[in-house]
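Participant: This is the structure I have questions about; it appears just below.
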Amino acid sequence: MISYDIVVIGGGPAGLAAAIEARNYGVKKILVLERDKELGGILQQCIHNGFGLHIFKEELTGPEYAERFITELKSLKIDYKINTMVLTITKDKTIHAVNPKDGYMVIQAKAIVLAMGCRERTAGAISIPGTRPSGVFTAGTAQRYINVEGYMVGRRVVILGSGDIGLIMARRMTLEGAKVLCVVELMPFSGGLTRNIVQCLNDFDIPLYLSHTVTNIKGKDRVEGVTIARVDENRLPIPGTEIDYDCDTLLLSIGLIPENELTVKAGAQIDMRTNGPVVNESMETTISGVFACGNVVHVHDLVDFVTEESRRAGRSAAKYVQKKLVEDGNEFKIEALNGISYIIPQTVRIDNVDKSLDLYLRVRNVYDRVKLVIKADQETIKEINKRHMAPGEMEHIVLSKDLLQEKSFERLTIEVKEGI
Amino acid sequence: MYDIVIIGAGIAGSFIARELSRFKLKILIVDRQNDVGNETTEANSAIIHAGYDAMADQLKGKFNAPGNKMFDTICDELDVPFKRIGSLVLGFNEDDRKTIQNLYNNGLKNNVPDMRILEKDEILQMEPKLNEDVVCALYAPTAGIIGAWEFAIASVENAMDNGVELELETEVTGIEKENFGYRIYTNKGEKDTKYIINCAGVYADVINNMVTEPYFSITPRKGNYYVLDKGLDLVNHIIFLCPTDKGKGVIITPTVHGNILIGPDSEFVNDKDSTATDVSGLRYVKERALLSSKAIPFNKVIRTFAGLRAHSDRNDFIIEEAKGAKGFINVAGFESPGLSAIPAVAQYVVNIMQKLTGGLIYKDNFNPRRRKTVCFNLLSDEEKKDIIKKNPMYGNIICRCETVTEAEIVDAINRNCGARSVKAVKKRTRAGMGRCQGGFCSPRVMEILARELGKDWTDIPYDSTKSYILTEETKRNQQDNDSKMGG
Ligand SMILES: Cc1cc2nc3c(=O)[nH]c(=O)nc-3n(C[C@H](O)[C@H](O)[C@H](O)COP(=O)(O)OP(=O)(O)OC[C@H]3O[C@@H](n4cnc5c(N)ncnc54)[C@H](O)[C@@H]3O)c2cc1C
Ligand SMILES: Cc1cc2nc3c(=O)[nH]c(=O)nc-3n(C[C@H](O)[C@H](O)[C@H](O)COP(=O)(O)OP(=O)(O)OC[C@H]3O[C@@H](n4cnc5c(N)ncnc54)[C@H](O)[C@@H]3O)c2cc1C
């Protein structure tokens with residue numbers, strides 16, 4: 001059997017950052033496994049600008065951002081295997097993987113970092129009525145065809161869902177000569193970043209219909225048209241508001257789902273709200289020595305946050321291998337209350353917190369001029385004023401260790417307080 | 001000149017072709033679709049019914065239970081996924097109990113073996129996730145589930161291995177009576193034949209009417225379905241509600257591949273091509289299914305679809321030489337339990353052919369076995385190791401949700417009745433069938449299809465040749481190519 005100190009599953013920005021950080025913290029035998037034909041993950045198909053503003057203070061394209069990490073990984077001589085699919089991992093940290101060259105491999109690791117990213121929600125998941133012709137693509141798949149393989153997927157396009165990938169694809173397809181007729185969003189607000197709405201829709205006069213959905217797909221062989229309609233407050237289509245569009249393509253940008261088949265099979269606990277594993281302050285799952293970071297834990301909109309989070313996971317995995325991670329001791333839970341959809345991490349062992357604790361969360365609705373109230377058991381320990389919050393933009397909160405250490409408590413809660 | 005042309009490569013045409021390929025006959029199957037089993041045979045409940053509900057004096061009743069018995073051998077020979085998991089018809093009140101008793105009695109008439117009427121406790125022990133209000137159930141252990149389109153594909157492949165020809169995207173547009181038999185007109189030219197077997201599904205009446213006076217009609221009856229993700233521990237048997245005038249009642253069943261299938265409703269429609277799903281049908285399915293089990297996770301739906309039952313005004317199968325057309329055999333009105341009955345029906349059709357021809361002659365070299373397909377996902381670790389050593393393409397996973405390898409896809413393309421489209425690959429290997437619905441693997445599958453068939457990416461369709469996926473190369477790519485060519 002092959003053995004390594006740390007095996008990282010997934011060679012996207014999360015996996016790369018975790019591996020590099022673990023090496024910088026002194027771990028020798030590290031292996032990165034990636035199923036695609038190159039490292040870099042989803043970034044390789046994101047040829048637009050806008051990556052790295054936080055980490056590198058400059059605007060890079062996806063492949064450029066990835067390249068910096070790939071170069072560093074190689075210069076640190078970290079082992080990696082591409083075209084390699086991980087099939088299963090077990091609680092005792094053996095990894096089963098295959099590729100054409102090495103065949104079927106069983107690898108023993110002291111620690112594992114899960115960095116498998118996420119996949120897109122599909123048409124099937126939302127059961128759009130109508131026929132099932134070709135021409136319905138998830139936005140990410142279309143992006144791959146266009147940016148990586150070099151083929152166009154259609155000429156007249158309707159986009160359902162205003163997530164970032166959908167917005168970016170609206171611009172990309174327009175630049176490639178397609179006509180993007182509209183972007184249709186079920187919710188009364190967009191799930192994408194404001195900068196993407198401005199740069200990808202407004203700048204190209206592409207209309208965004210909020211509180212609308214696609215109610216029918218037409219076409220026998222290829223999409224021939226779709227019907228859209230306004231929805232009521234229960235998100236059900238309102239009869240009489242239908243508009244028909246002649247189009248040959250429907251792109252879907254209706255959400256991303258963390259890719260956790262391996263995690264579930266290994267027996268780690270999953271948070272129903274994030275669809276990712278429950279993690280602690282060290283980005284460790286409920287299986288000791290199995291860490292997770294990036295989109296496999298929760299869907300990120302900015303790669304810079306992925307990198308930060310993944311460095312923490314890599315550092316923790318290094319400490320685990322070096323037996324420096326405090327396994328038990330004082331622990332508290334973090335819970336999302338009013339207006340918050342989820343918080344990462346879900347549990348904290350205060351002894352492993354350095355100077356401060358980073359929390360990442362998303363709100364359920366669009367909020368203006370509200371407070372985030374943080375309580376330890378019943379007692380408010382911090383309030384943060386927020387001018388504006390939206391589900392599409394992840395919030396980052398830092399709590400000092402001193403604040404958390406003052407007293408002992410079991411539950412840290414965060415809620416939105418309106419009307420201030 | 002063919003001895004027999006079979007019109008339609010659904011399960012009827014496919015399996016009848018396979019049974020007739022035992023004999024010294026020149027046989028052609030034509031289908032207007034770009035793959036076999038591409039209409040009703042790919043959109044149904046995929047259940048091999050035990051045979052208790054069709055009336056004994058109908059062809060449906062006559063062929064179902066005997067057909068059911070033959071599946072173990074057939075599926076072994078043709079390497080088709082099939083599991084006898086047994087079925088339960090649930091009763092929730094005294095009316096239902098009467099219905100169940102009637103089904104039981106009818107089942108005895110049809111010689112359905114091993115049926116039992118179960119009471120609440122035993123039912124909930126077998127199926128803990130069912131609605132606890134259940135009072136009784138008809139248990140039929142011989143009911144099974146099958147890979148329905150795999151069954152059609154395997155039948156045609158085996159028929160072709162034994163000399164049968166197949167022409168796809170060949171639509172029959174007219175038929176003339178000739179002194180030798182019939183001349184069939186299609187979009188791809190004429191075919192002369194002595195005999196015709198009409199297995200055209202919902203179009204069987206239209207085909208019939210090309211040679212003789214209309215004497216039956218087929219009305220499509222639509223059924224909508226949900227497909228749920230794998231790995232949900234919901235039910236282990238085929239679960240029916242009591243039948244109503246709308247068919248056998250909504251079913252919850254595992255599929256042979258471990259998904260959960262829920263449906264169908266039943267609605268007459270006018271359009272013979274209308275397999276669009278509709279909101280009201282899906283809503284009905286959901287409401288009814290929740291009566292059987294409140295534990296159905298509808299947030300795990302990965303796909304919806306609809307299929308058309310070929311309902312005849314005789315309310316039964318029509319399997320006979322057509323009135324007023326010698327040598328023209330109808331296999332029509334072939335709605336449920338068509339899939340279950342087909343082995344017995346095919347024998348019956350062979351007998352008809354024996355009579356019409358005055359005796360068929362067996363081939364010496366008929367091979368009933370189809371070369372086995374490899375399903376990498378189901379191999380043991382050791383077997384995986386060995387097979388990759390032999391063929392490294394087994395080490396290249398193309399579909400991550402279903403763990404399908406490049407070698408399996410290449411094999412599916414290069415067999416008889418091989419895949420020509422992305423959907424055909426999906427039906428044969430399950431690449432793209434899983435929770436991501438091909439989002440990840442479809443570019444890879446296209447690449448392999450293009451390579452194996454010697455075509456451009458833009459010529460690889462999703463299904464029919466008209467269902468193109470890609471329009472043209474991107475501007476960027478075209479520039480790259482131009483500069484590569486020194487332009
Ligand atoms: C279309 C799009 C546009 C974006 N735009 C921006 C932007 O403008 N600015 C910005 O900052 N951020 C942007 N992001 C966000 C950022 O790119 C992602 O959050 C980030 O790439 C996530 O990194 P990851 O490593 O977690 O996942 P991924 O990049 O998805 O990497 C996961 C890797 O794991 C591999 N893998 C998965 N399962 C297995 C397995 N079983 N075996 C082996 N390997 C496996 C995958 O092949 C993949 O390479 C965008 C994201 C997308 C999708
Ligand atoms: C909702 C539903 C649920 C069902 N559930 C079950 C079940 O659980 N168990 C069971 O036993 N049965 C079930 N059935 C019935 C079963 O699916 C059918 O009996 C069977 O699939 C019919 O096969 P077929 O070959 O007759 O028709 P089809 O599969 O429809 O094949 C007919 C073929 O003819 C071709 N064709 C038509 N016109 C032309 C033309 N002009 N030229 C060339 N080709 C043509 C079509 O392209 C098609 O491929 C169900 C049916 C439905 C609709």
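The values are calculated or read from the model by the stated rules, or taken from the named source; none is laboratory data. Because the structure is a prediction, the values reported are computed rather than measured. Cβ: placed from backbone, ideal geometry, glycine included. Neighbour counts: every protein chain shown. SASA here: full protein model, heavy atoms, side chains in, ligands and nucleic acids out. Shrake-Rupley method; radii C 1.70, N 1.55, O 1.52, S 1.80 Å.
Participant: Could you please let me know if residue A:280 is more than 18 Å from residue A:134 (Cα to Cα), open to solvent by 10 Å² or more (accessible area, probe 1.4 Å) and in the same structural domain as residue A:301 (by TED's automatic domain parsing)?
Facilitator: Considered against the rule, which asks whether it is more than 18 Å from residue A:134 (Cα to Cα), open to solvent by 10 Å² or more (accessible area, probe 1.4 Å) and in the same structural domain as residue A:301 (by TED's automatic domain parsing), residue A:280 comes out as yes.
Participant: Now a separate question. Please specify each residue of region B:403-424 satisfying the condition of being open to solvent by less than 10 Å² (accessible area, probe 1.4 Å) and closer than 23 Å to residue B:301 by Cβ.
Facilitator: Scanning region B:403-424 gives a single hit, B:404.
Participant: Do you know which of the residues in region B:196-212 that are of a type in the set (A, V, I, L, M) and open to solvent by 40 Å² or more (accessible area, probe 1.4 Å) is nearest to ligand 1 (Cβ to nearest atom)?
Facilitator: By that ranking, first place goes to B:206.
Participant: Okay, moving on. Consider residue B:300 carefully, then state whether it is open to solvent by 20 Å² or more (accessible area, probe 1.4 Å), at pLDDT below 95, away from ligand 2 (no atom under 16 Å from the Cβ) and over 21 Å from residue B:159 (Cα atoms).
Facilitator: In short, yes.
Participant: I'm trying to understand the selection: among the residues of region A:39-60, which are near ligand 1 (Cβ under 9 Å from one of its atoms) and within 14 Å of chain B (Cβ to nearest Cβ)?
Facilitator: A:41, A:42, A:44, A:45, A:48
Participant: Starting from residues that are in contact (Cβ under 8 Å) with a residue 24 or more places away in the chain and more than 22 Å from residue A:405 (Cα to Cα), keep the ones in region A:320-335 and report whichever is most open to solvent (accessible area, probe 1.4 Å).
Facilitator: Top of the filtered list is A:322.
Participant: Please work out if residue A:72 is away from ligand 2 (no atom under 16 Å from the Cβ) and within 8 Å of chain B (Cβ to nearest Cβ).
Facilitator: no
Participant: Have a look at B:333, B:263, B:281 and point out the one that is under 28 Å from residue B:110 (Cβ atoms), within 13 Å of ligand 2 (Cβ to nearest atom), of a type in the set (Gly, Ala, Ser) and within 14 Å of chain A (Cβ to nearest Cβ).
Facilitator: After ruling out the rest, the residue left standing is B:263.
Participant: Go through (1) modelled with pLDDT of 95 or more; (2) more than 8 Å from chain A (Cβ to nearest Cβ); (3) surrounded by fewer than 23 Cβ atoms within 10 Å (Cβ to Cβ) for residue B:430 and report which single condition fails.
Facilitator: (1)
Participant: Looking at (1) open to solvent by less than 60 Å² (accessible area, probe 1.4 Å); (2) outside any strand (DSSP E or B), which is the one condition that is false for residue B:193?
Facilitator: Single failed check for residue B:193: (2).
Participant: Whether any residue in region B:264-280 is within 17 Å of the chain's Cα centre (by Cα) and more than 15 Å from residue B:46 (Cα to Cα) is what I want to check. Break it down into steps so the answer makes sense when it comes.
Facilitator: Within region B:264-280, the first condition is being within 17 Å of the chain's Cα centre (by Cα), and the residues that meet it are B:264, B:273, B:275.
If we keep only those that are more than 15 Å from residue B:46 (Cα to Cα) too, we end up with B:273, B:275.
Yes; the residues of region B:264-280 include at least one that is within 17 Å of the chain's Cα centre (by Cα) and more than 15 Å from residue B:46 (Cα to Cα).
Participant: Ok, one more. I'd like the residue in region A:102-124 that is in a loop (DSSP other than H, G, I, E, B) and either at pLDDT below 95 or within 7 Å of chain B (Cβ to nearest Cβ) (or both) and, out of all such residues, is least open to solvent (accessible area, probe 1.4 Å).
Facilitator: A:122
Participant: Still on this structure, I have one more. May I ask you to verify whether residue A:350 is under 24 Å from residue A:310 (Cα atoms), under 27 Å from the mean Cα position of the chain (by Cα), modelled with pLDDT under 95 and aliphatic (A, V, I, L, M)?
Facilitator: Spelling it out, residue A:350 is indeed under 24 Å from residue A:310 (Cα atoms), under 27 Å from the mean Cα position of the chain (by Cα), modelled with pLDDT under 95 and aliphatic (A, V, I, L, M).
Participant: Taking the condition of being assigned to a strand (DSSP E or B) and surrounded by fewer than 22 Cβ atoms within 10 Å (Cβ to Cβ), how many residues in region B:308-318 meet it?
Facilitator: So the count comes out to 2.
Participant: Check every one of the strands (runs of 3 or more DSSP E) wholly within region A:125-224 and list those with 2 or more residues that are more than 13 Å from chain B (Cβ to nearest Cβ) and either away from ligand 2 (no atom under 16 Å from the Cβ) or in contact with a Lys or Arg (Cβ under 6 Å, 6 or more places away or on another chain) (or both). Spell out how you get there, then give the answer.
Facilitator: On the way: elements: A:136-138, A:156-160, A:179-184, A:212-218.
Output list reads A:156-160, A:179-184.
Participant: Let me ask another. Of the residues A:217, A:228, A:128, A:206, which is more than 23 Å from residue A:299 (Cα to Cα), free of Cβ contacts under 8 Å to residues at least 40 places away in the same chain, buried (at least 21 other Cβ atoms within 10 Å of the Cβ) and in contact with a strand residue (DSSP E or B) (Cβ under 8 Å, 6 or more places away or on another chain)?
Facilitator: Going through A:217, A:228, A:128, A:206 in turn, the sole match is A:206.
Participant: A follow-up question, please. Does residue A:148 satisfy the condition of being in contact (Cβ under 8 Å) with a residue 60 or more places away in the chain, surrounded by fewer than 19 Cβ atoms within 10 Å (Cβ to Cβ) and aliphatic (A, V, I, L, M)?
Facilitator: On the way: in contact (Cβ under 8 Å) with a residue 60 or more places away in the chain: yes; surrounded by fewer than 19 Cβ atoms within 10 Å (Cβ to Cβ): yes; aliphatic (A, V, I, L, M): yes.
Answer is yes for this residue.
Participant: Which residue, of B:50, B:54, is modelled with pLDDT under 95, away from ligand 1 (no atom under 16 Å from the Cβ) and surrounded by 20 or more Cβ atoms within 10 Å (Cβ to Cβ)?
Facilitator: B:54
Participant: Just to be sure, is residue A:392 in a loop (DSSP other than H, G, I, E, B) and open to solvent by 70 Å² or more (accessible area, probe 1.4 Å)?
Facilitator: Here the answer is no, as residue A:392 does not meet what is asked.
Participant: Between B:250, B:235, B:256, which is open to solvent by less than 30 Å² (accessible area, probe 1.4 Å), without any contact (Cβ under 8 Å) to a residue 60 or more places away in the chain and away from chain A (no Cβ under 14 Å)?
Facilitator: Just a single option satisfies the conditions, and that option is B:250.
Participant: Taking the residues in region A:283-315 that are more than 15 Å from residue A:69 (Cα to Cα), among the polar types (S, T, N, Q) and more than 7 Å from ligand 1 (Cβ to nearest atom) as candidates, determine which candidate is most open to solvent (accessible area, probe 1.4 Å).
Facilitator: A:286
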